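Coordinate-derived values only; no laboratory data. Everything quoted here is computed from the prediction, not taken from an experiment. No Cβ is skipped: glycine too gets one built from the backbone with ideal geometry, and neighbour counts run over all protein chains shown.
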Amino acid sequence: MTLEEIRKEIDEIDLMIRSLLMKRLDCAYRVAEAKNASGDLRVYRADREEEILARLSEAVPPEKRAGYLAVVKKIMQASRMLQYGLLYDWNEGLFEPLVGEIAVPEDAARVKVRLTRPNRPNSMSEILSMIGDYGYNMERMELAAENRENGTVTFELSILGNLNETNMKKLMFQLSMECLDFSIEAVDRDI
């Protein structure tokens, strides 16, 4: 096959992938509806995702496994993002407990958070990816603590963005739900 023929085949496959991804996101939407109806707002279940990844990777050749799993993980992350966004939209009052007594100025430009995650591969890269997927940039990340006994790491992050924006509130909600411990430490103006 020529390079042009291969590219044409890739373009056709991409259209099939888009169709399948839309079906999967429709399923994620229905999962969010079911969770909302039950009152259970937990979306992320690391144990379930690990089982799915193990099952799906069984028949994948070793030389393609890492790339395949990277794509499947990203699809799972996108599904969770959709579900958390819907749950946020459908349930008033999810954000207020996260900000607590912190004053949020109209011209807020930076949010400082502290979060604890399991110390495992991709644990923090998932957070960085999530921040970017919501359309924000991380300014700073600092390791605050490592608990080897519990197998956790705690980081302090500065995320550039306005905490008054709905997408930033959704990001904070998802972070709070996917971290073992999460707090908004401060909100700053752009200096």
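Can you tell me how many residues in segment 51-109 are among the charged types (D, E, K, R), part of a helix (DSSP H, G or I) and under 21 Å from the mean Cα position of the chain (by Cα)?
Filtering segment 51-109 for residues among the charged types (D, E, K, R) gives 51, 55, 58, 63-65, 73-74, 80, 89, 92, 96, 101, 106-107.
Adding the requirement that they be part of a helix (DSSP H, G or I) leaves 51, 55, 63-65, 73-74, 80, 89, 96.
Then drop every residue that is not under 21 Å from the mean Cα position of the chain (by Cα), which leaves 51, 73-74, 80, 89, 96.
So the count comes out to 6.
Exposed (fewer than 14 other Cβ atoms within 10 Å of the Cβ) and part of a loop (DSSP other than H, G, I, E, B), is that true of Asp14?
No, not satisfied.
Which residue pairs have Cβ atoms closer than 8 Å, lie 6 or more positions apart in sequence or on different chains, and pair a first residue in segment 177-191 that is of a type in the set (Phe, Trp, Tyr) with a second residue that is assigned to a strand (DSSP E or B)?
Phe182/Val113; Phe182/Arg114; Phe182/Leu115; Phe182/Thr116
Looking for whichever is more than 16 Å from Val187 (Cβ to Cβ), crowded, with 18+ Cβ neighbours inside 10 Å and of a type in the set (D, E, K, R) here; the options are Arg110, Arg80. Which one fits? Give the derivation first.
Details: Arg110 fails: more than 16 Å from Val187 (Cβ to Cβ).
Testing whether each residue is more than 16 Å from Val187 (Cβ to Cβ), crowded, with 18+ Cβ neighbours inside 10 Å and of a type in the set (D, E, K, R) leaves just Arg80.
Can you report the number of residues in segment 156-183 which are surrounded by fewer than 20 Cβ atoms within 10 Å (Cβ to Cβ) and touching a Ser or Thr at 6+ places or on another chain (Cβ under 9 Å)?
Residues in segment 156-183 being surrounded by fewer than 20 Cβ atoms within 10 Å (Cβ to Cβ) and touching a Ser or Thr at 6+ places or on another chain (Cβ under 9 Å): 5 in total.
Please specify each residue of segment 83-103 satisfying the condition of being among the aliphatic types (A, V, I, L, M) and surrounded by 14 or more Cβ atoms within 10 Å (Cβ to Cβ).
Leu86, Leu87, Leu94, Leu98, Val99, Ile102
Considering segment 29-74 alone, what residues qualify as being surrounded by 15 or more Cβ atoms within 10 Å (Cβ to Cβ), in contact (Cβ under 8 Å) with a residue 24 or more places away in the chain and within 19 Å of Asp133 (Cβ to Cβ)?
Of everything in segment 29-74, those that are surrounded by 15 or more Cβ atoms within 10 Å (Cβ to Cβ), in contact (Cβ under 8 Å) with a residue 24 or more places away in the chain and within 19 Å of Asp133 (Cβ to Cβ) turn out to be Val31, Ala32, Val43, Tyr44, Glu49, Lys73.
Let me confirm something: among Ser125, Ser129, which residue is among the hydroxyl-bearing types (Ser, Thr, Tyr), free of Cβ contacts under 8 Å to residues at least 12 places away in the same chain, part of a helix (DSSP H, G or I) and closer than 16 Å to Gln174 by Cβ?
Values: Ser129 fails: free of Cβ contacts under 8 Å to residues at least 12 places away in the same chain.
From the options Ser125, Ser129, the qualifying one is Ser125.
Kindly establish whether Gly135 is loosely packed, with under 12 Cβ neighbours inside 10 Å, on the phi > 0 side of the Ramachandran plot, over 19 Å from the mean Cα position of the chain (by Cα) and assigned to a loop (DSSP other than H, G, I, E, B). Spell out how you get there, then give the answer.
Details: loosely packed, with under 12 Cβ neighbours inside 10 Å: yes; on the phi > 0 side of the Ramachandran plot: yes; over 19 Å from the mean Cα position of the chain (by Cα): no; assigned to a loop (DSSP other than H, G, I, E, B): yes.
No; evaluated as a whole, the condition is false for this residue.
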